[in-house]
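The values are calculated or read from the model by the stated rules, or taken from the named source; none is laboratory data. These numbers come from a predicted model, not from an experiment. Every residue, glycine as well, gets a Cβ built from its backbone with ideal geometry; the counts of neighbours run over all protein chains shown.
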Amino acid sequence: MSDLIFSLQLDQHIVGHLSSAIQFGFITGTFCFALLNLADRVSPSKLFFFCAILASLTNLTMLWDENSFGSLMLFRFLTGFFLAGIYPVGMKIAADYFQKGLGVSLGFLVGALVLGTSFPHFLSAFEKMISWQNVVVFTSFLSVIGGAILFLFVPDGPHRSFQQSLDLKACFRIFKKPNFRTAAFGYFGHMWELYTFWTFVPIILLAYKNQNRITELNVALQSFFIIGIGSLACVISSYVSTSLGEKRTAFGFLMLSMMSCLVFPLFYYFTSVNVFLCFMFFWGMVVIGDSPLFSTLVARNTDAKIKGTALTMVNCIGFSITIISIQCFSWLYEAYATFHWFLLLALGPIVGLLHFYLNERKAFGST
């Protein structure tokens, strides 16, 4: 993104605005998709395919030489909007194929998301070898390939329930069920922490490198490993849940991530680089390991006919929370230049855990 802005001779400070435009586009898209029940009223595989194509095309518009700040904001917003037909719709497709074993299938799906999220840091480690234009073309091409694979080889699942009529109240009615609310609040607390952690990983590593004068620390590559190891955690947690139960496993990971938030300053200021990196790898695993399980609980505790709407709406609210969290912690870091404020990241998991314990008996029973 920085290379793109430099090539167009725009202000470097708009990088944050362009990143936020994608998030706002995704939130707007998920809300519209949920309100219109799209994932439940049309073929989710076809919806995934068309959104992948449109996201690819809007992504390619970054290569337009006549771009301005306004046009880039619009195209980034549209890219985020069409991505709303990828992640939550992908979970809907998995839910249509799996009733038993849904947690494991979503573990692999969310693991793929995590690996994709970390991949730009990997490319950044070799930025002198790969131009930003090639990155845009390559990612756009992969979007088309991914959509085509779904369209050609993954028809609608055997457990799909078809919602025939438009129900504008469905995305609000889902929260009436106590067990659904507990799963949703666990997910919301998890999202308060997750994307802020991912956003600040390279900033934390760079600050640690400069503070301790460690010349050999490759920030971009370590960021890739710290975030990317979460993909393994998603798969591990999903298999663990087959023995311990999805509810217990999800909230167990949420508790571990809460504890990581609270002890982070101790590892940042008082440990060796190896111990610090081991802690960051651990945090990178527990911060995401609960995500596929919360999505599984959301899918299991809603009406089959509006399952896609429920997953999309929960994504909409969750990603809205990430913007608030990222903006708050960015402001705190710029104002005070310290990571002590990261203790407040624990607030999200605490809220999720409190809601879980207050509603455990009446929400999930023996799940």
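Okay, residues lined up against (1) in contact with a helix residue (DSSP H, G or I) (Cβ under 6 Å, 6 or more places away or on another chain); (2) farther than 27 Å from Ile86 by Cβ; (3) surrounded by fewer than 24 Cβ atoms within 10 Å (Cβ to Cβ):
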| site | (1), (2), (3) |
| --- | --- |
| Thr296 | yes, no, no |
| Thr302 | yes, no, no |
| Met313 | yes, no, no |
| Leu332 | yes, yes, yes |
| Leu354 | no, yes, yes |
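Is it true that Ala363 is at pLDDT below 85 and crowded, with 22+ Cβ neighbours inside 10 Å? If you could, list the steps in order and put the result at the bottom.
On the way: at pLDDT below 85: yes; crowded, with 22+ Cβ neighbours inside 10 Å: no.
So Ala363 does not fit the description; no.
Suppose the filter is in contact with a Gly (Cβ under 6 Å, 6 or more places away or on another chain) and at pLDDT 80 or above; does Ser143 pass it? Before the answer, list the steps.
Working: in contact with a Gly (Cβ under 6 Å, 6 or more places away or on another chain): no; at pLDDT 80 or above: yes.
Answer is no for this residue.
Of Val263, Val235, Val286, which residue is over 17 Å from Gly103 (Cα atoms) and of a type in the set (A, V, I, L, M)?
Residue meeting the stated conditions: Val263.
Only one of Gly111, Gly90 is part of a helix (DSSP H, G or I), at pLDDT 85 or above, closer than 20 Å to Ile317 by Cα and small (Gly, Ala, Ser); which?
Gly90 is the lone residue from the list that is part of a helix (DSSP H, G or I), at pLDDT 85 or above, closer than 20 Å to Ile317 by Cα and small (Gly, Ala, Ser).
When Gln9 is evaluated against the numbered criteria (1) surrounded by fewer than 17 Cβ atoms within 10 Å (Cβ to Cβ); (2) in contact with a helix residue (DSSP H, G or I) (Cβ under 9 Å, 6 or more places away or on another chain), which criterion, by number, is the only one it fails?
(2)
Can you pull out the residues in the stretch 207-221 that are over 11 Å from Val273 (Cβ atoms) and either in contact with a strand residue (DSSP E or B) (Cβ under 6 Å, 6 or more places away or on another chain) or not β-branched (Val, Ile, Thr) (or both)?
Matches in the stretch 207-221: Ala207, Asn210, Asn218, Ala220, Leu221.
If a residue must be among the hydroxyl-bearing types (Ser, Thr, Tyr) and touching a residue at least 24 places away in the same chain (Cβ under 8 Å), how many such residues does the stretch 69-84 contain?
1
Among the residues of the stretch 161-220, which ones are aromatic (Phe, Trp, Tyr), at pLDDT 90 or above and surrounded by fewer than 17 Cβ atoms within 10 Å (Cβ to Cβ)?
Hits for the stretch 161-220: nothing passes.
Looking only at residues in the stretch 124-145 that are surrounded by fewer than 18 Cβ atoms within 10 Å (Cβ to Cβ) and under 19 Å from the mean Cα position of the chain (by Cα), which one is farthest from Leu63 (Cα to Cα)?
Leu142
Name the pairs whose Cβ atoms lie under 6 Å apart, with the first residue in the stretch 147-176 and closer than 23 Å to Phe49 by Cα and outside any helix (DSSP H, G or I), the second at pLDDT below 75 and hydrophobic (A, V, I, L, M, F, W, C), and 6 or more positions between them or separate chains?
Between residues of the stretch 147-176 that are closer than 23 Å to Phe49 by Cα and outside any helix (DSSP H, G or I) and residues that are at pLDDT below 75 and hydrophobic (A, V, I, L, M, F, W, C), the close pairs are Ser161/Ala304.
Starting from the stretch 199-227, keep only residues that are under 23 Å from Ser19 (Cβ atoms), then list their pairs with residues that are assigned to a helix (DSSP H, G or I) and among the basic types (Lys, Arg) whose Cβ atoms are within a distance under 7 Å, requiring at least 6 positions of separation or different chains.
As it stands, the answer is Val219/Lys209, since those pairs meet every condition given.
Just the residues that are under 30 Å from Ala304 (Cβ atoms) and part of a helix (DSSP H, G or I), please, taken from the stretch 68-87.
The answer is Gly80, Phe81, Phe82, Leu83, Tyr87.
Can you list residue pairs whose Cβ atoms sit under 6 Å apart, with the first residue in the stretch 314-331 being under 22 Å from Ser295 (Cα atoms) and at pLDDT 85 or above and the second being outside any helix (DSSP H, G or I) and of a type in the set (S, T, N, Q)? Count only pairs 6 or more apart in sequence or on different chains.
Pairs found: none.
Using the structure shown, decide if Val275 is under 22 Å from Ala233 (Cβ atoms), of a type in the set (A, V, I, L, M) and in contact with a helix residue (DSSP H, G or I) (Cβ under 6 Å, 6 or more places away or on another chain). Reasoning before the result, please.
On the way: under 22 Å from Ala233 (Cβ atoms): yes; of a type in the set (A, V, I, L, M): yes; in contact with a helix residue (DSSP H, G or I) (Cβ under 6 Å, 6 or more places away or on another chain): no.
The answer is no for Val275.
Filter the stretch 83-111 down to residues that are within 25 Å of Phe253 (Cα to Cα) and among the hydroxyl-bearing types (Ser, Thr, Tyr) and give me whichever is surrounded by the fewest Cβ atoms within 10 Å (Cβ to Cβ).
Step by step, filter the stretch 83-111, then rank; the result is Ser105.
Given (1) in contact with a His (Cβ under 9 Å, 6 or more places away or on another chain); (2) under 30 Å from Cys32 (Cα atoms); (3) surrounded by fewer than 16 Cβ atoms within 10 Å (Cβ to Cβ), where does Val287 come up short, assuming only one miss?
Single failed check for Val287: (3).
For the stretch 112-123, which residues satisfy the criterion of being surrounded by fewer than 17 Cβ atoms within 10 Å (Cβ to Cβ) and within 16 Å of Val298 (Cβ to Cβ)? Even if it seems obvious, please write down each step before you answer.
Filtering the stretch 112-123 down to residues surrounded by fewer than 17 Cβ atoms within 10 Å (Cβ to Cβ) leaves 112, 116, 119-120, 122.
Scanning the stretch 112-123 gives no hits.
Report, by residue number, each residue of the stretch 28-44 that is modelled with pLDDT of 90 or more and buried (at least 18 other Cβ atoms within 10 Å of the Cβ).
Gly29, the sole residue that qualifies.
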